[in-house]
Every structure is written in C-alpha cells, then in structure tokens.
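Quick note: the coordinates plus some simple rules give every number you see, no bench work behind them. As the structure is a computational prediction, the values presented were derived from the model and not from experiment. Cβ atoms come from the backbone with ideal geometry, glycine included; neighbour counts cover every protein chain shown.
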Amino acid sequence: MDRARHNLNDPPVELPGRLAEALLRERIVPRFVDTYVEEHGRYGLQVHAALYRDLLGLLQREALIAMTVHALEVATTEPPPARGRAKPKPMPRKDATLFRRKFLNALTRQQKWSLGDALDFQRDLQMYEVLIARTGTSRRRKPFEAANHPFVDRCAFLLDSSFMEKARMAASRALTEVETLSAKVTADVLQNDGNS
C-alpha cells in the first residue's frame, strides 16, 4: 500500500502511464490517419482492417516516442524564475539520469514490454534525441512547412511513402498535437508533485 501511494507522488513513475493514457484518450493517431485519408482520398490505407490496425499500432509507438522525448525535455529543464528573463536551466545531470531511468522502467512496466521491446524503444528514443539535437529548433516553423523532426519523417514514410510531402505535412500537424499534449500532461504531473 505504501509503495503504491509513493508511486503516485513520484513523477518519473507516474508520468509514463499518464502520457500513454492521454495519447489513447485523445485519439491523436487515429484522427491523424483518418483526416489524412479523407483529405487526400487515400482510402486504400483503411481497406484492410489488419493492415490498418498495424499501421495505427506503429504510428502510436512513434507518437509515444515523440511524447517521451518531449516529456523528458520538459521534466528535466527547470523553469526560469518567476521574475526576470533568465533561461530555463537543465536539471543536474545526476538527477536527470535518475529521472530518466525511473521513467523508462515505469514505462516498460506500464506497457508490459519484454526486455527486447524495451531496448528497441530506448534505442529509437535515443535516435530521436540525437537527431533533434542535431537539427536544433531555434526558429519557429511556418504553417505551410513540415517540421524537421524524426517523428514527421518516420510517420510520413509509414503512412504514405508515395505522397511523402503530403504525409509529412499531416505528420507535422500531428507532432504539434503530440507535443502540446505531452507538455500539458508533464506539467500536470510535475505540478501535482510540487503540491504534495
């Protein structure tokens, strides 16, 4: 009983479940695919139920990776002081490493992954982080531009490789929704921890 109550007050343990739950509840991935199909008349993507289900599963995993990258970034960056224009500063490396370890362990348990699945997810997560760090996101993108992000490229390829640019634009819009949801859930979990 004490352990269960402790986990509810431990953000890196609580956060993965809340992120996955929010992703399913908000139906970002199914809406992204269905909207894409309607806008571009690509009804063939939904014809075979099993293939459609597999596509949704793969895209859901990509969305969870993108949410995780964003949540870890938000959670391990301390907000600036209430007054002043100081930049947010990173959490001390030791604390950030511990947060990440607890988060990934909790995510593995929550998703009921095997060791191989957990390692595959962590490898893809690390690839996302490296690619995002290389590209940098210093300038705001225009509404007609696709984001330069691994989620956009991987989802566009999985969704509709024959219409890559259209798929990239749709994936870019989905990425905005995923990151907004991730930031909201992460802030809620961290804020509840501060109020405990």
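In nm, to one decimal, how far is the residue 26 label point from the residue 183 one, both placed 7 Å along Cα→Cβ?
Placing both labels 7 Å along Cα→Cβ, they lie 1.1 nm apart.
What is the local net charge at residue 151, summed over the other residues whose Cβ is closer than 10 Å to its Cβ (Lys, Arg +1; Asp, Glu -1)?
On the way: positive: 154; negative: 62, 153, 179.
Surrounding charge for residue 151 is -2.
Post the alpha-carbon centroid distance, the stretch 149-174 to the stretch 41-77, in whole angstrom.
Centre-to-centre distance over Cα atoms comes out at 11 Å.
So, by mean Cβ neighbours within 10 angstrom, what's the order for 26-39, 112-125 with the highest one leading? Please report the intermediate quantities before stating the final value.
Details: 26-39: 16.7, 112-125: 13.0.
Those peptides, ordered most packed to least, come out 26-39, 112-125.
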